[in-house]
Amino acid sequence: MKFKKTYVFAFWSSLQLSFFVLVLLFISIVFAKLSIPFWGLLTFTLTFFILTFFIIQYRAEKFIFKRIKKIYEEVSLLDVADLKKESITTDIETLSREVIKFAEDKRVEIESLNVRENYRREFLGNISHELKTPLFTVQGYILTLLEGAMEDKDIRSKYLNRANKGVERLIDIVKDLDLISKLESDDLHLEISSFNAVELVQQVFDMLEMKAKKKHIQLCFDKAYEFPIFVLGDINKIEQVFINLIENSIKYGNLNGTTIVNFHYNPDKNTYLITLQDNGEGIKKEHISRVFERFYRVEQSRTRQQGGSGLGLSIVKHIIEAHQQTITLNSEFGKGTSFSFSLEKAK
Ligand SMILES: Nc1ncnc2c1ncn2[C@@H]1O[C@H](COP(=O)(O)OP(=O)(O)O)[C@@H](O)[C@H]1O
Ligand SMILES: [Mg+2]
């Protein structure tokens, strides 16, 4: 059993007091010439010692307890309500350990709050920046129309169409923002099911065929997949992944390029590695590690006025990570880019 510090304190204090009382008594006996037997003196001192011991021990513990409790309350180390009297230690070492731990926890908390605050500020700046461009475009067309271009029938429909394009772009950005805020607030609810990945990719190919045709880009598989490839995942979210990646391969692809999708089974992990390879403009080394960040766009694509919010890849990464899988990127500037991610094979 560990001796409580206050017992030691009380013991020595009472011992000192008893000693002085004994000395005082002795002196008074000598001066007053009283005849008190030795055992009487001893009993008195002993009783005095025991009494003071308990009083001191009780008072000291109460005193320390009160102080410590106050410190506990002030630093709100623990919920004071469930603070049992026994669990409070009068041991200062433990307390200071707790306080140091508390301070460390607070430091970490403040640090993460700072990071979040910076992120929030950056996020707001990025959003307004991304929204401004299409808004001003739309406003420009509307103002021109109002200033008289409305009279010309051809110009009118041309400008209205362009304004509509701008609005569509705004809607795309807002949709991306909506999705990413859901993904980041963790209320992303995955509806896992087994589906045929080959079929899903084919559907996305069909959906993006028009866009690809405009740049004479061919969307295809590395070989004919005769049998379905069943994987586990949230089919709508994975479709979003394919849309974002294939759209990128078209947007940043060269004229007459190709985007090839292949599936590779990994028996060790029981997963399929899905790779999308294009032979487009590629990404310079210095940008590779950053393209998955929100709003990050390679500067040269930004100036080229390719529509896009820079959120596409961060959405992709979130979705894949929500599936407990990873995505990797390989790219050589001027040669092409490939994205690979895995999905669990369905039984
Ligand atoms: N297949 C690709 N080939 C070349 N660059 C790409 C490719 N995919 C993405 N990138 C680069 O990564 C950046 C981020 O992509 P993304 O998050 O989808 O944003 P966005 O498409 O809106 O620009 C793009 O701006 C582009 O520069
Ligand atoms: Mg994109």
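Structural remarks
- Estimated dipole of region 193-344 in Debye, rounded to 20 [Cβ of Lys and Arg +1, of Asp and Glu -1, Cα centre]: 680
- Our summary gives the chain a relative contact order of 13 percent, counting only alpha carbon pairs under 8 angstrom and 6 or more residues apart.
- In a DSSP loop and with at most 11 other Cβ atoms within 10 Å, there are no chymotrypsin sites (Phe, Trp or Tyr not before Pro) in region 164-241.
- Highest-MSF residue in the chain out of Leu42, Leu329, Leu313 [GNM, Cα springs under 10 Å]: Leu42
- About its Cα centre, the chain has a charge dipole of approximately 1260 debye under the convention of +1 per Lys or Arg Cβ and -1 per Asp or Glu Cβ, with nothing else charged.
- Checking every one of the trypsin sites (Lys or Arg not before Pro) in region 155-229 against DSSP loop status and a limit of 10 other Cβ atoms within 10 Å picks out Lys223.
- By accessible area with a 1.4 Å probe, ligands and nucleic acids excluded, highest first: order of Ser309, Ser185: Ser185, Ser309
- Computed on region 122-184, with alpha-carbon pairs under 8 angstrom and 6+ residues apart, the relative contact order is 39 percent.
- The chain, helix-only ellipticity at 222 nm - DSSP H runs n ≥ 4, -39,500 (n - 2.57), divided by all residues, nearest 500: -21000 deg cm²/dmol
- Counting only lysines at least 8 places from Lys70 when in the same chain, those with an alpha carbon closer than 17 Å to its own are Lys62, Lys84, Lys85.
- Computed with a 1.4 Å probe over protein heavy atoms only, the accessible surface of the chain comes to 65 Å² per residue.
- Shape class for region 165-268: oblate, because the ratio a/c of the largest to smallest gyration tensor axis (alpha-carbon atoms, square roots of eigenvalues) is 1.5 or more and b/c is at least a/b.
- Projecting the Cα atoms of Ile180, Gly125, Leu146 onto the charge dipole of region 122-184, computed from C-beta unit charges around the Cα centre, puts Leu146 farthest toward the positive end.
- Where GluC sites (Glu not before Pro) fall in DSSP loop in region 156-208, at most 15 other Cβ within 10 Å: Glu191
- Judged by the gyration tensor of its Cα atoms, with axes a ≥ b ≥ c, region 232-347 is prolate; a/c meets the 1.5 cut and a/b is the larger of a/b and b/c.
- Candidate residues Ile55, Ile217: accessible-area rank, largest first, probe 1.4 Å: Ile55, Ile217
- Counting charges near Ile260 (Lys, Arg +1; Asp, Glu -1) among other residues having Cβ under 15 Å from its Cβ returns a value of 0.
- Span-rule helices in the chain, defined as complete DSSP H runs reaching 24 Å or more along the axis (Cα) with Kyte mean at least -1.0: 5-32, 38-74, 92-146, 153-184, 197-214
The values are calculated or read from the model by the stated rules, or taken from the named source; none is laboratory data. Just so it is clear, the structure is predicted and the values come from calculations on it, not from any experiment. Note: ideal-geometry Cβ built from the backbone for every residue, glycine included; neighbour counts use all protein chains shown. For the accessible areas, the whole protein counts, side chains as well, though only heavy atoms, and no ligand, DNA or RNA atoms are used. Shrake-Rupley method; radii C 1.70, N 1.55, O 1.52, S 1.80 Å.
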